[in-house]
Every structure is written in C-alpha cells, then in structure tokens.
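As structure tokens, the structure follows; a few thoughts come after it.
The values are calculated or read from the model by the stated rules, or taken from the named source; none is laboratory data. Bear in mind the structure is a predicted one, so any value in this text is a computation, not a measurement. Positions of Cβ are generated from backbone atoms using ideal geometry, with glycine treated the same way; all protein chains shown enter the neighbour counts.
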Amino acid sequence: LAKTTQPISMDSYEGQEVNITCSHNNIATNDYITWYQQFPSQGPRFIIQGYKTKVTNEVASLFIPADRKSSTLSLPRVSLSDTAVYYCLVGGLDTGRRALTFGSGTRLQVQP
Amino acid sequence: EAGVVQSPRYKIIEKKQPVAFWCNPISGHNTLYWYLQNLGQGPELLIRYENEEAVDDSQLPKDRFSAERLKGVDSTLKIQPAELGDSAVYLCASSRLGRVSNNEQFFGPGTRLTVL
C-alpha cells in the first residue's frame, strides 16, 4: 500500500506563503491526491484534489510533479485562521481504504 | 445545505457501560463513514456504508462495536461494553456515491467520548 509522509509540524507568519509537501513514492497510476484541513474540535474539511500538474481553487494550489511521487499544498498569504492540521491522502479505484487513510498530518502554526 | 449532524457532542461514561452515537448525513449522500480519532492522530476509518450496506468494516472491533444504517440514511455506532481505551472523538462523514478515491467527504463535528 502506498504510504504518505508529511512533516509533523510547520511554523509560519501571517502574510507568508506556506508550502506543505507530501511524499508518496508508491503512488499508483489511478491514484488521486487529496488534502484535508482540520481545526480543533471540528471534523476535517476538504481543501483540494488533483491527479497531475497543478490545481488551483479559491483556497489553495496543489502542485504535482511529473513523476507524482510527491505533491505540495500551497497556501498563499496565510492568516492566523489557517492554523490547523493538514492531511494528505492518496488513493485510487481499487484502494478504497487507502484513499481514506489520513496519517498524522502536518500541524501548521501561523503566528502574527 | 445542512451539514452532517452528530449527537451527542460529548459523552462521559464509566467503563463497561454501553454508549451510542448518532449521525445524520447530508441529504442525498449515499456513502457514510465512521472514523475514530485519537488525540494528535488522524482519523482512522471504522466502517463505510454505501446506502444501507456495510462495504468495509474490516477495522471495526466487532466484539464490542456495532453499527447500523437503517433505510440508508441515519446511522448509529454503538460500543458495548466501553473500555478506557475507547476514549476518543468519533467522527461521521458522508459523500455522494462514487469512487472513494476522489470523492469529497463532508465531516460532522464529532462526538468526544470519555470513558472513566
């Protein structure tokens, strides 16, 4: 099964761009990459999903290199409210459970 | 649209007592998930339903945990008897029927269980 590896924690300041990288060396051809955000005392919230190259929405961008062995979640100009845990998930058509494996995530702390 | 509703939000019980959690998914979402989340860890899948069928319950400790989703809408997760190690947050999520690989899940706020 493909396993994801993320930094345990990151620190940033308001207004900076934050990039969180997830390694998934064993990603399969049909796998998608999905990121969730979780605030304290809340359930996770979907941020963005991609398969290859770059995906952008109103919240974040997701960069996926050609080999797809890693992906980078980019949060532009973070604010204090972006302090949360961010999870990278990888899964495909035949790996239902793997696509639902959250891991320990990256704890982002944004300071003023 | 209304989000995923869970109740109760908090529950404190003594060990060996039974406990039940209830979840009402987003209207029209055929897939329902129950997760367990320990402090400092990510959610771990317990069971996944497609309509009323449990399609993945391999990580559900069936000696003490049970779940049901009658009529393919609301769901209940039960623990009997509860143990100290069951203290955690129990999350419910729902999504539209489809591939779990690229299906956005919507989570409820969770039920925080404390077993004394």
I'm trying to understand the selection: among the residues of the stretch B:33-46, which are without any contact (Cβ under 8 Å) to a residue 24 or more places away in the chain and touching a strand residue (DSSP E or B) at 6+ places or on another chain (Cβ under 7 Å)?
B:GLY42, B:GLU44, B:LEU45
Counting only residues that are charged (D, E, K, R), buried (at least 17 other Cβ atoms within 10 Å of the Cβ) and away from chain A (no Cβ under 14 Å), how many does the stretch B:49-66 have?
0
Strands (runs of 3 or more DSSP E) wholly in the stretch A:1-43 with at least 3 residues that are over 13 Å from the mean Cα position of the chain (by Cα), more than 10 Å from chain B (Cβ to nearest Cβ) and within 30 Å of B:CYS23 (Cα to Cα) - which ones?
none
Considering only the stretch A:44-60, state which residues are more than 11 Å from every other protein chain (Cβ to nearest Cβ) and either outside any loop (DSSP other than H, G, I, E, B) or of a type in the set (Ser, Thr, Tyr) (or both).
A:THR53, A:LYS54, A:VAL55, A:THR56
Return yes or no: is B:SER27 surrounded by fewer than 16 Cβ atoms within 10 Å (Cβ to Cβ), within 30 Å of A:ARG107 (Cβ to Cβ) and either within 14 Å of chain A (Cβ to nearest Cβ) or out of contact with any helix residue (DSSP H, G or I) (no Cβ under 7 Å at 6 or more places or on another chain) (or both)?
no
Candidates B:GLN105, B:GLN80, filtered to the one that is surrounded by 14 or more Cβ atoms within 10 Å (Cβ to Cβ) and over 10 Å from the mean Cα position of the chain (by Cα)
B:GLN105
Taking A:CYS22 and the conditions (1) in contact with a Ser or Thr (Cβ under 7 Å, 6 or more places away or on another chain); (2) within 23 Å of B:GLN105 (Cα to Cα); (3) surrounded by fewer than 20 Cβ atoms within 10 Å (Cβ to Cβ); (4) touching a residue at least 40 places away in the same chain (Cβ under 8 Å), which numbered condition does it fall short on, given that it satisfies the others?
(3)
Conditions first: (1) within 12 Å of chain A (Cβ to nearest Cβ); (2) buried (at least 20 other Cβ atoms within 10 Å of the Cβ). B:ARG69 passes all but one, so which condition is the exception?
(1)
Pick from the stretch B:72-86, criterion polar (S, T, N, Q) and free of Cβ contacts under 8 Å to residues at least 60 places away in the same chain, ranking: farthest from B:THR114 (Cα to Cα)
B:SER75
For the list (1) out of contact with any Gly (no Cβ under 9 Å at 6 or more places or on another chain); (2) modelled with pLDDT under 95; (3) hydroxyl-bearing (Ser, Thr, Tyr), I need the number of the one condition that B:THR31 fails.
(1)
Cβ-Cβ under 6 Å pairs, at least 6 apart or on other chains, the stretch B:1-16 side aromatic (Phe, Trp, Tyr), far side in a strand (DSSP E or B) and modelled with pLDDT of 95 or more
B:TYR10/B:ARG112
